[in-house]
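Accompanying notes for the structure given below.
Throughout, read-outs are computed from the coordinates displayed, never taken from laboratory work. All values reported here derive from a predicted model rather than from experimental measurement. Cβ sites come from the backbone with ideal geometry, for glycine too, and all protein chains shown count toward neighbours.
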Amino acid sequence: MIPVEFEYVRPTSVGEAVSALGEAGEDAKILGGGQSLIPILRLRLAYPTHVIDVSKVDEMRGVRDDGDAIVIGAMTTHDEVMHDTLVAEHAPLIAQATGTVADPQVRHRGTFGGALAHADPAGDLGAVALALGCEFTAAGPGGERSIGASDFFVDYLTTALSPDEILTSIRVPKLGAGWSSHYEKFNRVAQAWSIVAVAALVKRENGSISEARIGLTNMGSTPLRASAVEQALGGADASADAVGAAAELAAEGTSAPSDLNGKADYREHLARVLTKRAVVKAAGIS
Amino acid sequence: MTAVEERTGNQVGAARKRKEDQHLITGRTTWVDNMTVPGMVHLAILRSPMAHATISSIDVSEATKRPGVIAVFSGQDFAETQGNLPCAWPVTPDMVNPGAPSLAVTQVNHVGEAVAVVAARTKAAAQDALEAIDVDYEPLPAVIDMEEALKDGAPLVHPNTTSNKSYTWAFESGEAGTGQPIQAALDSAEVTVTRRFVQQRLIPAFMEPRSTLVQPVGDGVLIHSSTQIPHILRTMMALTLGIEEQKVRVVAPDVGGGFGGKIPVTPEEVITTLVARKLGKPAKYTESRSESLMSAHHGRDQIQDITITARRDGTVTGLDVHLLADMGAYLRLVGPGVPILGAFMFPAIYKIPAYRFVCDGVFTTKTATDAYRGAGRPEATYAIERIMDELAAELGMDPMELRRKNWITHDEFPYTMVAGLTYDTGNYEAATDKALELIGWDDLRREQQERRDRKDPVQLGLGISTFTEMCGLAPSRVLGSLAYGAGGWEAASVRMLATGKVEVVTGASAHGQGHETAFSQIVADQLGVAFEDVEIIHGDTQSSPKGLDTYGSRSLAVGGIAIVKAGEKVIAKAKRIAAHLLEANEDDLEFERGSFSVKGSPGSALSIQEIAFATFMAHNLPDGVEPSLDSDAVYDPENFSFPHGTHLCAIEVDTDTGESKIRKYVCVDDIGTPINPLIIEGQVHGGLAQGIAQALFEEAVFDADGNLTTGTFVDYTLPSAADLPHFTTDRTETASTSNPLGVKGVGEAGTIASTPAVINAIVDALRPFGVNDIRMPATPERVWRAIQDGGSGGAHRAAEGTNAYGGASTTTSDGGN
């Protein structure tokens, strides 16, 4: 199908983009890589008056070192993220999870920030950003502000960004020594969204797990942290049994959806199984 | 395998790369939607959002005022002229066909039914104007579940009928004289196993969405359409719209796949023709993918109640089949006949003495069903191969042993089976032995036992499908006995040009099969000309005036033979002229490698090209011989062809998540004499992908209100190469004796055979958990629930109130054996 008519704006700086957004008013949409917006437009599920294409805003692209963190520009494509050396060194969880997003064509156009701002709870990067404690930098008429990961995801397809703000970059804290990670994804066909997935970050000290952070994909209307599991893992033996016992808590506090891929109880079961697998793999338990 | 470019020697049997691919894969194709002609208007179709409703009013006046809009029509505008979409297969004399308008006039009967059409200067303008059309619907109850639909007092889909049953088609071997009475087998059975299997609804999902461009030409029309059936479409358009047949020309240019999905005469083809004629302007309609998934016909959708009887020693004594087949809202071109094609295939390769088949065709308020790759035979093969495994389990017998005990052995051919077909040749033992060896069956069985013993969370299952199918539709007499509305012949012409090149006209209509290559190979060998010198002409009723088109794996086994017959006539004509020029007696000439020579004196010879030139010049022809070698033939096969084979699947089932992952897939197919092994390989791979997809991935799901909830490829999960295993494919070659090339069809074999191999493997893995069936597709959730609960895991997918398990409220029953 063909989208309805809209005004098309293509700014070349964040400043221009913010002004364009301000002028366009409530019914404007930001076009990043277009991998979610274009299908929605073509299916006529959205009727924006203005589409603001930020693909030429160079300052929103690329990954840079920022001391104790790396900063990923919102318009950095998935493919660029997957192959970035800073990401590989300081946030391999992001590289691994990004490699499971859709297919190579989508990854060459879709963007890191676009996926996060779209806030689909079945998308892979939200749970990863939550587990990593990322900070989201938004630019608006009043300048820049920073939003913590736990505040960023508000509801289904809804973030803390206000209508006049643009997500410009994501600050990813570098993991210290002893941390390792794994993203365990479960879906039916390779290019599909996750039915459930688990992002695990684990810090090992002296044969036990000293700290763990677990993000859940598609277990509610937003990406979630599995807090009960994280608590149970703190100080637990780095053994499959201990991890399995902690992982039994993975569905606590979740509100999994029921759809064609699985009812909620099946998703809760998957969350437990996949959490165990993710932590075991992250911690290198054989 | 490696593609070998053979330049010399025999073309038949060479793995030539396809000559049509260069233009297909480099974007030089002519899809209908690529075509633009002067003055052309673009159409957009308003489709019903309701599954079942009367149309109380429809107002198009606002839409006609929209920018770029030329005209807007509703069903009322064409009520007197549109006729009914044809159904060419009244399977019983009393089959109820309530009629099928192209544009709904008073009532809609499925979501996606065409209600109005906008003609505009651009596609976007047409699309935009749709929202300005105002339709008032008076809702009627949706009819989703076949069993509910057949109950007394159920809401009627069509007000002009008295029940939702279109027909009951029955066969009983005692009555037909092809076997013993089924009742005796049921009464005297030592062992009886009954199961309900569900063939979920599938969507053909061809790559090129359907598109039609109609140009008024004088009193007639030139129709370009993405169709499998240009010839049948021509005749049917003439009959449906009352345009004289000689004034209808249909062209199927490049067509991007069909799988049966482009077999009927479509509402969109009729609507586009009506609008073009009404406006006197060329009109083009191209569907979106969403429209295609929703309103192009679907496939399968049967509930199968199967009973098999046997003696304790494993000898099968009877097979009793009761089907409910969902026609959807309307009867399409061959829709009612699809399950009937399956009627002949349930007994499959087995010597079953007694057989009954009863099928009810049922109307529901869902998208109409019609042919989808395999058409009736995948359903039959699935049921028999699944029930054989269940019988083996009941008897405590090895499933392969049970098959060996009951199948027709190679020395028993020709064999007339219980449904009345005569299988000409076959060798099930050879194909099976080869497949078992290729997959390493015994080692896998050992590993399965080890995994069971150590309670490994990942269990291994082994699945078998020893299948046959009937293809090469079809002997016209047989079709006549089934009340099919056409013959089964195919036409061809072979024309020798002055320069020695060859034109071959075929009535088969390729849409991805590789006809141009395979037919060129046959003709090159037969006439002794270069492969490159043969041109295949098809898909245009003006240049290829006679044909019955492409479906049912018929192009080679029927269309190819027609070409051979025409070639024989060319050689016979050439021989007479050669004898004259060589001053020899015709009986003393031999024709070999394209050259006529006098037996025993090889010095004097004339090539067929030289004869062709001499014929063109016509300076020196024998008296009374017309100056032409060109020849036509129409071939009507005397029998179907019966490909067979053994497919084996080893699958790993993760009992923690329910995920099933194919580890090894081996198939040994016997499709007779191979023409082009590379094309065979391609057909088998594609067929396997679609058959495995039915087992594991695909399902068209409707909710209780009749909305298609799998309306995009996000929810209708087609597998990609990444989701499928490596296929190990091989062949045995038992030539068909029913045609001069010894060929059998190959287009559907992979799809027909593979589905039960996969499901049998999953059930085999999980039998120790009390699992005795898995509904298709075997989603991880279903498999996991089956492991939790035993039984079939059937009634679990998605929210309640969908047809995701064969009917909104279908109760599952596993037979109690």
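Quick notes on this one:
- Between the C-alpha center of region B:84-105 and that of region B:257-331 there is a gap of 13 Å.
- Sum of -39500 (n - 2.57) over DSSP H runs of 4+, divided by residues of the protein assembly as shown (222 nm, nearest 500): -8500 deg cm²/dmol
- Ordered by the number of other Cβ atoms lying within 10 Å of each residue's own Cβ, fewest first, A:D103, A:D79, B:D94 fall into the sequence B:D94, A:D103, A:D79.
- Rg followed by Dmax, in Å, when the protein assembly as shown is reduced to its Cα trace: 31.8, 106
- Taking 14 Å as the cut-off, the amide N atoms of region A:2-27 that come nearer than this to a point 7 Å along the Cα-to-beta-carbon line of A:E144 belong to A:14-15.
- Projected-area average for region A:1-145 over all orientations - Cα convex hull basis, square nanometres: 8.9 nm²
- Surrounding net charge for B:I611, when Lys and Arg each add one and Asp and Glu each subtract one, Cβ distance under 10 Å: +2
- Charge sum, other residues only, whose C-beta stays under 15 Å from B:L222's C-beta, Lys/Arg counted +1 and Asp/Glu -1: +1
- Of the residues B:P637, B:A574, B:L606, the one whose Cα sits farthest toward the positive end of the charge dipole of region B:543-650, with +1 on the Cβ of Lys and Arg and -1 on the Cβ of Asp and Glu, is B:P637.
- With semi-axes defined as the square roots of five times the eigenvalues of the C-alpha gyration tensor, the equivalent ellipsoid of region B:378-462 measures 30, 16, 11 Å, largest first.
- For region B:319-359, the Rg and Dmax computed from alpha carbons only, in angstrom: 12.1, 38
- Compared with the direct C-alpha span, the chain from B:E147 to B:K501 gains 121.4 nm at full extension, assuming 0.36 nm per residue.
- The packing ranking of peptides B:227-234, B:315-322, highest mean first, is B:227-234, B:315-322, where packing means the average number of other beta carbon atoms within 10 angstrom of each residue.
- Globularity index of region A:74-154 is 1.08 (Cα radius of gyration / 2.2 N^0.38 Å, N = number of residues).
- Chain B: mean projected area of Cα convex hull, nm²: 36.1 nm²
- Electrostatic bookkeeping for B:A238 treats Lys and Arg as +1 and Asp and Glu as -1; over the other residues with beta carbon under 9 Å from its beta carbon, the sum is 0.
- Extension gain, B:S476-B:T422: 0.36 nm per intervening residue step, less the Cα-Cα distance, totals 17.9 nm.
- For A:H78, B:H580, order by how many other beta-carbon atoms lie within 10 Å, fewest first: B:H580, A:H78
- Highest to lowest packing among A:214-220, B:739-745, scored as the average C-beta count within 10 Å: A:214-220, B:739-745
- About its Cα centre, the dipole of region A:168-257 is roughly 480 debye, where the only charges are +1 on Lys and Arg Cβ and -1 on Asp and Glu Cβ.
- Phi angles of region A:214-227 translate, via the Karplus equation with coefficients 6.51, -1.76, 1.60 and θ = phi - 60°, into HN-Hα couplings of 10, x, 10, 9, 6, 10, x, 7, 9, x, 10, 9, 8, 5 Hz per residue; Gly and Pro are given as x.
- Straight-line reach from B:K351: taking Cα to Cα under 29 Å and skipping same-chain neighbours fewer than 8 places apart, the lysines in range are B:K405, B:K434, B:K744.
- Among the residues of A:256-263, the average count of other protein chain beta-carbon atoms within 10 Å of the residue beta-carbon is 6.
- Tail beyond 20 Å, pair distance distribution of region B:410-524 (Cα, percent): 70 percent
- Average beta-carbon neighbours from other chains, 10 Å sphere, peptide B:648-657: 2
- Taken as entire DSSP H runs, the helices of chain B that both span 24 Å or more between Cα atoms along their own long axis and average -0.5 or more on the Kyte-Doolittle scale are B:377-395, B:561-582, B:677-696, B:749-766.
- Once the gyration tensor of the Cα atoms in chain A is diagonalised, the equivalent ellipsoid follows with semi-axes of 33, 21, 15 Å, ordered largest first.
- Whole-Hz Karplus values for region A:173-184 come out as x, 6, 7, x, 5, x, 8, 9, 8, 7, 10, 10 Hz, taken residue by residue from phi with 6.51 cos²θ - 1.76 cosθ + 1.60 and θ = phi - 60°; glycine and proline positions read x.
- 14 Å cut-off, amide nitrogen to a point 7 angstrom out along B:E131 Cα→Cβ, residues in region A:44-78: A:44-50
- FRET efficiency for B:F616 and B:T737, using Cβ-Cβ distance with R0 set to 35 Å, rounded to 0.05: 0.35
- Distance between the pseudo-spin-label points of B:D443 and B:L239 (7 Å out from Cα toward the beta carbon): 5.7 nm.
- Estimated FRET transfer efficiency when R0 is 51 angstrom, pair B:A722-B:D313 (beta carbons, to 0.05): 0.65
- Likely footprinting exposure, B:E610, B:E437, fewest C-beta neighbours within 10 Å first: B:E437, B:E610
- Mean Cβ count within 10 Å, highest first, over the residues of peptides B:385-392, B:754-761: B:754-761, B:385-392
- P(r) tail for region B:95-207: Cα pairs beyond 18 Å make up 74% of the total.
- With semi-axes defined as the square roots of five times the eigenvalues of the C-alpha gyration tensor, the equivalent ellipsoid of region B:1-132 measures 43, 26, 12 Å, largest first.
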